[in-house]
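Since every read-out is calculated from the coordinates, none of them should be taken as a lab result. Quick caveat, the model's predicted, so the values are computed rather than measured. Glycine gets a Cβ as well: all are built from the backbone with ideal geometry, and neighbour counts include every protein chain shown.
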Amino acid sequence: MLYANPESAVRALSASWRWPHFAVRELACRCAGRFCSGQYWHDAEFLDALEDMRARAGRPLVLTSGHRCAGWNAAVGGAPLSRHKQIAADIQIAGHSRGALLDAAIEAGFTGLGLGRSFLHVDRRARPARWYYSGSERLWIQ
C-alpha cells in the first residue's frame, strides 16, 4: 500500500508496526521533496523477510535505498520497471561478508538479488532473478 509521506504511514501503522529494526523513513523515498513528499510503500511480507535477513546476518542492515517515486527513480538512473517503484531495498555491504549477506537474503526468501560493488539489492519478485551491476562480478565470485 502506498502512503503519500512517512507521517501518514506512521499514523496509520504505528499500532501494528512489528519490525523493531526498521523504520518507515528508512524505506521511504529519499528524493527530499524534489518529486514527492517521501512516499512510502508498505508491504508486511517484505518487512518480515528483511527482519529475517537481519537476524540471519547477525548484525544491522544499513539500507541505502528503499521505495522510490517515479521521478526519483529516473533521476538516480533506475530501470523504468524498477522494483524500487514499489518495494525493494539496497543494503550496504560494509561490515558484512558478501557471501554471508547473500546467503541471508536467499534464506529469508528474497528472490530478486542484484549484486553491486557496495550494496546488495533485494526484492521479492514472482520469478527469481540474479544479476551483477557493472564492475561488481569479480567481487562476488569466490
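As a summary of the residue check, S97 satisfies the conditions (1) surrounded by 14 or more Cβ atoms within 10 Å (Cβ to Cβ); (2) within 15 Å of P60 (Cβ to Cβ); (3) hydroxyl-bearing (S, T, Y) except for the one numbered (1). Set side by side, the residues D43, D90, D52 differ, and just one is under 20 Å from S118 (Cβ atoms) and among the charged types (D, E, K, R), which is D90.
For the stretch 68-92, the set of residues classified as under 13 Å from the mean Cα position of the chain (by Cα) and either charged (D, E, K, R) or farther than 20 Å from R127 by Cα (or both) consists of R68, R83, K85, D90, I91, Q92, listed by residue number. Of the residues making up the stretch 50-87, those that are of a type in the set (A, V, I, L, M), closer than 22 Å to Q39 by Cβ and in contact (Cβ under 8 Å) with a residue 40 or more places away in the chain are L50, L61, L63, A75, I87.
Of all residues in the stretch 10-25, which are assigned to a helix (DSSP H, G or I) and over 17 Å from the mean Cα position of the chain (by Cα)? Of everything in the stretch 10-25, those that are assigned to a helix (DSSP H, G or I) and over 17 Å from the mean Cα position of the chain (by Cα) turn out to be V10, R11, A12, L13, S14, A15, S16. Residues in the stretch 28-69 that are crowded, with 19+ Cβ neighbours inside 10 Å and among the small types (G, A, S): A28, G38, A49, A57, S65, G66.
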